[in-house]
Amino acid sequence: MKKFFIALVFSIILLFVTTNQEAYSWGFFAHKKINRMAVFTLPEGMIGFYKHHIEYISEHAVDPDKRRYANPDEAPRHYIDMDKYGKYAYDSVPHKWKDAVNKYSEDTLKAYGIVPWYIEKMLSRLTEAFRTENMDLILHYSADLGHYIADSHVPLHTTSNYNGQFTNQKGIHGFWESRIPELKSEGYDYWVGKAKYIDKPIEKAWSTVKASNAALDSVLKFEEKLNAKYSPDKKYSFENRGKTLIKVYSVEYTSEYNKMLNGMVEHRMRAAILTVGSMWYTAWVNAGKPNLDKFDNKEISDSLKQFNKAEEQLKNDTNKEVKGHND
Ligand SMILES: [Zn+2]
């Protein structure tokens with residue numbers, strides 16, 4: 001019995017370790033899915049190349065989250081705490097990076113998160129990669145850009161109360177973005193139509209943040225309402241993951257919450273897929289639509305493999321302390 005108890009405590013500790021590591025953005029599943037499905041929004045001239053490398057684009061959708069352990073500058077790129085800027089943040093925060101730096105200072109912006117501006121930065125790097133026809137960098141930045149865009153579609157990535165820690169709802173981050181997709185995504189419709197050219201990418205990034213932030217109230221209020229109706233033994237359950245017993249939001253509780261959200265998670269995921277495809281497309285057009293067919297039979301070069309390996313190593317070697325949107 002004692003042994004079982006020790007095992008149980010250990011497992012629960014493990015659960016929190018795991019949840020913390022994945023609690024930064026869409027669960028790994030959703031990130032990979034978003035990048036993968038974005039490939040199918042692309043037009044002729046692009047889709048062949050992206051399909052050829054679809055495994056890379058999907059697998060590396062989660063690199064920026066892994067990088068957080070190794071790079072202290074990484075964390076703020078995944079979110080923006082709109083509440084820190086007051087009630088009318090969307091209007092009061094300058095949308096252009098330089099104007100925002102002048103108004104608040106770079107340190108302040110970094111302290112509250114920089115996701116919309118970082119999307120713009122990644123887009124220009126991807127554009128440059130297309131312009132110079134550097135296949136490795138096209139793949140690398142496409143995967144990265146997809147990640148940050150996907151994060152900006154998550155309501156809890158637009159608030160300092162990112163894990164419900166100020167409203168007694170700790171765990172809601174992973175609940176919304178990992179547990180719901182895990183249980184419900186099979187029925188999602190991932191066909192979102194064709195990628196569209198984006199005239200003003202920075203404005204698109206900001207309107208995404210605005211829409212995510214507008215949904216935040218429902219994300220928190222609905223869970224609060226539901227929580228009042230459930231006892232903890234009904235709210236949570238235990239599931240086996242490999243050899244580990246972990247505490248999770250119960251299937252019933254997840255289904256109820258998902259019903260109250262009325263398809264919100266699916267909608268945000270679909271919006272993310274279309275925006276990712278559209279941003280890739282925009283970068284390609286702005287670079288003069290380079291012919292990607294010439295890469296058709298080329299595989300990822302050794303240098304990119306080396307780079308990925310080095311990043312992986314760095315992550316493993318580094319202390320797991322992460323600042324920003326972490327407990
Ligand atoms: Zn992230």
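Please treat every number below as a calculation from the coordinates, not as lab data. Worth saying up front: this structure is predicted, and the values here are computed from it rather than measured. When we count neighbours, we look across all protein chains shown, and the Cβ atoms used for this are built from the backbone with ideal geometry, even at glycine.
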**OP:** Taking the chain as the reference, fit the longest principal axis to its C-alpha atoms, fit the long axis of helix 115-131 to the helix C-alpha atoms, and give the angle between the two in degrees, 0 to 90, nearest 10.
**Re:** 30
**OP:** Lys and Arg at +1, Asp and Glu at -1: add these up for the other residues within a Cβ distance under 15 Å of residue 127 and post the number.
**Re:** +1
**OP:** Work out the charge dipole of the chain with +1 on the Cβ of Lys and Arg and -1 on the Cβ of Asp and Glu about the Cα centre, then indicate which of 142, 287, 226 is farthest towards its positive end.
**Re:** 226
Original post:
Normalised by the residues of the chain, what does the relative contact order come to in percent, with Cα pairs under 8 Å and at least six apart?
Top reply: 30
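What number comes out for the charge environment of residue 97, summing +1 per Lys or Arg and -1 per Asp or Glu over other residues with Cβ under 12 Å away?
Counting the neighbours of residue 97, the net charge comes to +2.
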**OP:** Quick one: among 43, 181, 155, which has the greatest mean-square fluctuation in a GNM of the chain with alpha-carbon springs under 10 angstrom?
**Re:** 43
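About the Cα centre, and with charges only on the beta carbon of Lys, Arg (+1) and Asp, Glu (-1), how big is the dipole of the stretch 2-317? Nearest 20 debye, please. Walk me through the intermediate numbers first.
On the way: 44 positive and 41 negative charges, 134 e Å.
The calculated dipole for the stretch 2-317 is roughly 640 debye.
Figure the gain on full extension for residue 260 and residue 124 (residue separation times 0.36 nm, minus the Cα-Cα span) and round it to one decimal in nm.
Working: separation 136, 0.36 × 136 = 48.96 nm, distance 3.87 nm.
Here the answer is 45.1 nm.
Per residue of the chain, what 222 nm ellipticity follows from adding -39500 (n - 2.57) for every DSSP H run with n ≥ 4, rounded to the nearest 500?
Working: 16 runs with 191 residues, N = 327.
That comes out to -18000 deg cm²/dmol.
Arrange the peptides 265-278, 194-207 so that the one whose residues have, on average, the most other Cβ atoms within 10 Å appears first. Could you put the intermediate results ahead of the total?
Working: 265-278: 23.6, 194-207: 16.7.
Per-residue mean Cβ counts within 10 Å order the peptides as 265-278, 194-207.
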Original post:
With each pseudo-label sitting 7 Å past Cα toward Cβ, what's the residue 230-residue 203 distance in nm, one decimal?
Top reply: 4.1
Original post:
At what distance in nm do the modelled label points of residue 55 and residue 99 sit from each other, each positioned 7 Å from its Cα along Cα→Cβ?
Top reply: 4.6
Original post:
Any idea how far the Cα center of the stretch 55-106 sits from the one of the stretch 220-278, in Å?
Top reply: 25
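If I take all pairs of Cα atoms in the chain, what percentage of them are more than 33 Å from each other?
Numbers: 14456 of 53301 pairs.
So the portion of pairs separated by more than 33 Å is 27 percent.
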Original post:
Under a straight-distance cross-link criterion of Cα-Cα below 12 Å, which aspartates and glutamates are reachable from residue 98, leaving out those fewer than 8 residues away in the same chain?
Top reply: 106
**OP:** Springs between alpha-carbon atoms under 10 Å, Gaussian network over the chain: tell me which of 69, 85, 50 tops the mean-square fluctuations.
**Re:** 85
Subject >> Coil-residue trypsin sites (Lys or Arg not before Pro) of the stretch 51-95, DSSP, other Cβ within 10 Å capped at 11 >> reply: 87
Subject >> Charge sum, other residues only, whose C-beta stays under 11 Å from residue 80's C-beta, Lys/Arg counted +1 and Asp/Glu -1 >> reply: +1
**OP:** List the aspartates and glutamates whose Cα lies under 17 Å from the Cα of residue 309, skipping any in the same chain that are fewer than 8 positions away.
**Re:** 55, 59, 63, 65, 136, 144, 299, 317
**OP:** Check the straight Cα-Cα distances from residue 221 and name the aspartates and glutamates below 15 Å, setting aside those fewer than 8 residues away within the same chain.
**Re:** 256
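Listed here are the pairs 32/259; 170/229; 170/235; 66/235; which of them are more than 21 Å apart at the Cα?
Values: 32/259 24 Å; 170/229 17 Å; 170/235 13 Å; 66/235 30 Å.
Too far apart for the 21 Å limit: 32/259; 66/235.
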